[in-house]
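Quick notes on the structure that follows.
The values are calculated or read from the model by the stated rules, or taken from the named source; none is laboratory data. This structure is a prediction, so every number in the text was calculated from the model and none was measured. Every residue, glycine among them, receives a Cβ derived from its backbone with ideal geometry; neighbour counts consider all protein chains shown.
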């Protein structure tokens, strides 16, 4: 009897006792048994610590505006598993996912795939059956040993490199950068979206023999009062509207996406006017849930998936650029995150912390008491209260916040999902 999608997802969590098991041998062998068809005529892989989802969304919007048929694979999802796989703008249907999981199961034998590896293979399988011009693939963790890397990217994009997933990737930006560089290929473009990347990333890209294009060197952002200009070293330049995505860092993400689009045009030429129009359309129309997403109301409610110090610095930059009333934080975190670093990055910008336990949502979730200890070490005078879950923390923030003040809910995909469902 065929399993439902929910039953398949539950089953996948039992196949491999490890939720994360980096390495390509197992997933590559199953893909080989499935015939290893090309998922699209042109493939871009997007890695980095932060900014991946936004960059994927903007590049997808640009390619579709240029008339390309596009598949996108992202993770994790917020509300429905189907969000992870999009084909021509639509989320994959339950039956399509079930059919793909059945094809994977029919050939995997005793190979213990992880939940993420099942999903990656399903994305590649569905893309290969969809006659795609382009596939945009978001790395799950790291790069070199992530399941996505069984596919050779025509263009690699590395958005940023910062300290996250250090148990897997290393304890400094150079080590983490070397892992992320592994998605690049010899002789093919590697877009580096960060103006000051770690030396380890650049050294690893040079060793691979990738054709590196760096933000601030090979392409740049020029801001002005009526928008901004993307300018490439080859003389290409586009005048563009401000990104629809709110954070100041989105200009850098947009610039990296346009650099990938520019590289795609070298592969499958797009007339210059159409290229400029596609870039503008993508920047203006791309949206991603829970990236400084304003949910309205008074006090205003804003939700963001930011969960590491670099993301918290981006939130701080946005708050500084948009001064307003007192900010109430609804904050929850996973055990492998630098909670103290996140708190320190935001500092006194937060007027009151409503700390939410996530241990009911995931075994990796921190209880509110653990957050309290980190808060009082990083920011001793901070005002706070403790809550068993995100729902109760949000309710308390809404009760405490006055008109004209703001509620910022962040720290994890679990926080964002709970707020969006509340």
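Summary of values
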quantity	calculated
When residues of region 241-265 are limited to those that are surrounded by fewer than 22 Cβ atoms within 10 Å (Cβ to Cβ) and without any contact (Cβ under 8 Å) to a residue 60 or more places away in the chain, the one nearest to residue 132 (Cα to Cα)	265
Which numbered condition residue 312 fails, given (1) at pLDDT 95 or above; (2) more than 15 Å from the chain's Cα centre (by Cα); (3) farther than 13 Å from residue 245 by Cα	(2)
Checking residue 157 against (1) in a loop (DSSP other than H, G, I, E, B); (2) surrounded by 24 or more Cβ atoms within 10 Å (Cβ to Cβ), the condition it does not meet	(1)
Within region 280-306, tally of residues that are more than 18 Å from residue 416 (Cα to Cα), under 19 Å from the mean Cα position of the chain (by Cα) and not in a helix (DSSP H, G or I)	1
Test result for residue 153, under 24 Å from residue 28 (Cβ atoms) and touching a residue at least 60 places away in the same chain (Cβ under 8 Å)	yes
Cβ pairs under 6 Å, 6+ apart, first in region 23-40 and assigned by TED's automatic domain parsing to the domain that holds residue 141, second not in a helix (DSSP H, G or I)	23/145; 26/111; 30/111; 39/135; 40/132; 40/134; 40/135
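Each row is one residue, and each column tells you yes or no for (1) in a strand (DSSP E or B); (2) farther than 22 Å from residue 256 by Cβ; (3) in the same structural domain as residue 54 (by TED's automatic domain parsing).
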residue: 124; (1), (2), (3): no, yes, yes
residue: 137; (1), (2), (3): yes, no, yes
residue: 143; (1), (2), (3): no, no, yes
residue: 149; (1), (2), (3): no, no, yes
residue: 153; (1), (2), (3): no, no, yes
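Conditions (1) under 25 Å from residue 142 (Cα atoms); (2) buried (at least 24 other Cβ atoms within 10 Å of the Cβ), marked per residue:
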site: 36; (1), (2): yes, no
site: 42; (1), (2): yes, no
site: 45; (1), (2): yes, yes
site: 53; (1), (2): yes, no
site: 71; (1), (2): yes, yes
site: 84; (1), (2): yes, no
site: 103; (1), (2): no, no
site: 106; (1), (2): no, no
